[in-house]
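This report concerns only the one structure given below.
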Amino acid sequence: MLFLGMPQLAADVTSQKILPTATDSQIGETYNLPHTLYVNRDIIVEHSTNLPPDRHELLLFLPGTNGSGAAGGAGFCALAANLGYHAISLTYVTGISAAEACATDRDPKCFENFRLALIEGGASKHLTVSRADSIENRLIKLLGYLNQRRPKENWSQFLVDDQTLKWDAIAVSGQSQGGGHAALIAIRHRVARAVCLGAPKDFNKMRDAPAAWYEEPAATPKALFFTFNHVEDRQGCTPAELLQNLRALKLTDFGPAVDAATSHFPFKHTRILSTTYPATNKSKVAHGSVVATANAARWESVWTYMLTEKAP
């Protein structure tokens with residue numbers, strides 16, 4: 001199904017699974033589920049004129065707690081590839097959620113410190129991650145690996161040098177915990193955009209307030225943040241608490257939540273999308289529904305909007 005303003009999508013996406021330890025011997029074996037890349041070579045190598053142009057942007061997808069790059073966000077990443085992105089679903093240390101770690105911690109920096117340990121490597125009160133196992137290093141080493149083995153696809157364009165990411169060419173995205181990482185990365189770095197699916201859920205229940213990091217100065221314009229959540233999703237925080245998070249991020253400045261089922265592309269240019277599909281009282285089902293590959297046809301216009309909408 002095509003919607004007004006949506007490009008005609010190609011269908012030929014190449015994917016490949018790569019073990020993290022194949023890219024860096026310093027990466028641990030514990031979280032060694034494969035990363036997955038998605039590319040449409042007709043777009044990024046052949047530059048076919050009847051397809052969307054090469055965006056020269058990387059779509060980084062971060063799965064949720066205990067998620068796998070091999071399975072996480074497959075439909076979402078494939079759509080991104082057909083829109084002209086290079087796309088990667090990245091596995092990382094995901095054995096504990098931010099909500100679980102900070103559930104009884106009154107420290108307003110708890111969520112931020114927990115996430116930064118995962119993103120950059122380092123120690124927090126609840127988690128210590130080596131630099132080798134950090135999200136940043138795993139992505140850097142994967143890009144270097146791909147550049148050597150798939151040179152025609154030009155993965156090096158997302159690196160400033162061998163050890164530095166070119167964040168402004170990277171669209172960060174993720175589901176659940178991964179969506180929270182995407183938002184915090186976009187606060188700290190100027191990225192191409194941030195897409196939060198079933199996220200961001202960092203609400204400090206001990207303080208009855210959103211996590212402090214939402215209100216920090218953002219390197220990425222807030223017009224480039226997009227969220228999509230199910231109204232029955234109570235994982236991590238309640239829908240009412242989620243709304244407080246979105247207000248703290250100032251995404252309500254772009255209008256109220258828009259129901260993806262009753263609105264159409266471009267969804268009133270909102271940054272807050274919601275759904276009641278599927279009708280369920282099962283929070284876990286609701287939580288994953290917004291990125292489930294089984295719902296890819298249903299959410300094609302929603303995902304396309306979040307991946308292509310420009311800042312005003």
request  = Would you mind estimating how fast region 213-312 diffuses translationally, via Stokes-Einstein at 25 °C and 0.890 mPa s with the Kirkwood radius over Cα pairs, in µm²/s?
outcome  = 175
request  = Could you work out which residue, out of 280, 94, 49, moves most in a Gaussian network model of the chain, that is, has the largest mean-square fluctuation with Cα springs under 10 Å?
outcome  = 49
key: Reduced Cα scattering model of region 22-91, Debye log10 I(q)/I(0), q = 0.20, 0.24 Å⁻¹   = -0.78, -0.96
task = Find how much the distance from residue 12 to residue 126 grows on full extension, using 0.36 nm per residue of separation minus their present alpha carbon separation; answer in nm with one decimal.
result = 36.7 nm
ask   = Rounded, prolate or oblate: which fits region 98-234, taking a ≥ b ≥ c as square roots of the Cα gyration tensor eigenvalues, rounded meaning a/c under 1.5, else prolate when a/b beats b/c?
value = prolate
request  = Taking Cβ-Cβ under 4.7 Å as the only way to count a partner, pick out the unpartnered cysteines of the chain.
outcome  = 77, 196, 237
ask   = Per residue, how much accessible area does region 107-163 show when a 1.4 Å probe rolls over the protein heavy atoms, in square angstrom?
value = 43
request  = Express the relative contact order of the chain as a whole percentage, based on alpha carbon pairs under 8 Å and six or more residues apart in sequence.
outcome  = 16
Region 26-148 - Rg (one decimal) and Dmax (whole number), Cα, Å = 16.6, 55
query = Compactness ratio of the chain: Cα Rg over 2.2 N^0.38 Å, N = residue count?
reply = 0.93
note = Scoring region 63-123 by relative contact order with C-alpha pairs under 8 Å, at least six apart, yields a percentage of 30
request  = Quickly work out the residue 222-to-residue 30 label distance, labels modelled 7 Å from Cα along the C-beta direction, and quote it in nm with one decimal.
outcome  = 3.7
task = Could you tell me which of rounded, prolate or oblate describes region 191-263, using a ≥ b ≥ c as the square roots of the eigenvalues of the alpha-carbon gyration tensor, with rounded for a/c under 1.5 and, failing that, prolate when a/b is larger than b/c and oblate otherwise?
result = oblate
task = Compute the separation of the alpha-carbon centres of region 170-208 and region 84-160 and state it in Å as a whole number.
result = 12
query = For the chain, which whole percent of the accessible surface, found with a 1.4 angstrom probe, sits on carbon and sulfur atoms?
reply = 52
task = Rank-order 229-242, 199-212 by packing density, defined as the average count of other C-beta atoms within 10 Å over each peptide's residues, highest first.
result = 199-212, 229-242
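The values are calculated or read from the model by the stated rules, or taken from the named source; none is laboratory data. Keep in mind that what you see is a predicted model, and the values were worked out from it rather than measured. So basically every Cβ, Gly included, is an ideal-geometry build from the backbone, and we count neighbours across all protein chains shown. Surface accessibility is based on the protein's heavy atoms, side chains included, excluding ligands, DNA and RNA. Shrake-Rupley method; radii C 1.70, N 1.55, O 1.52, S 1.80 Å.
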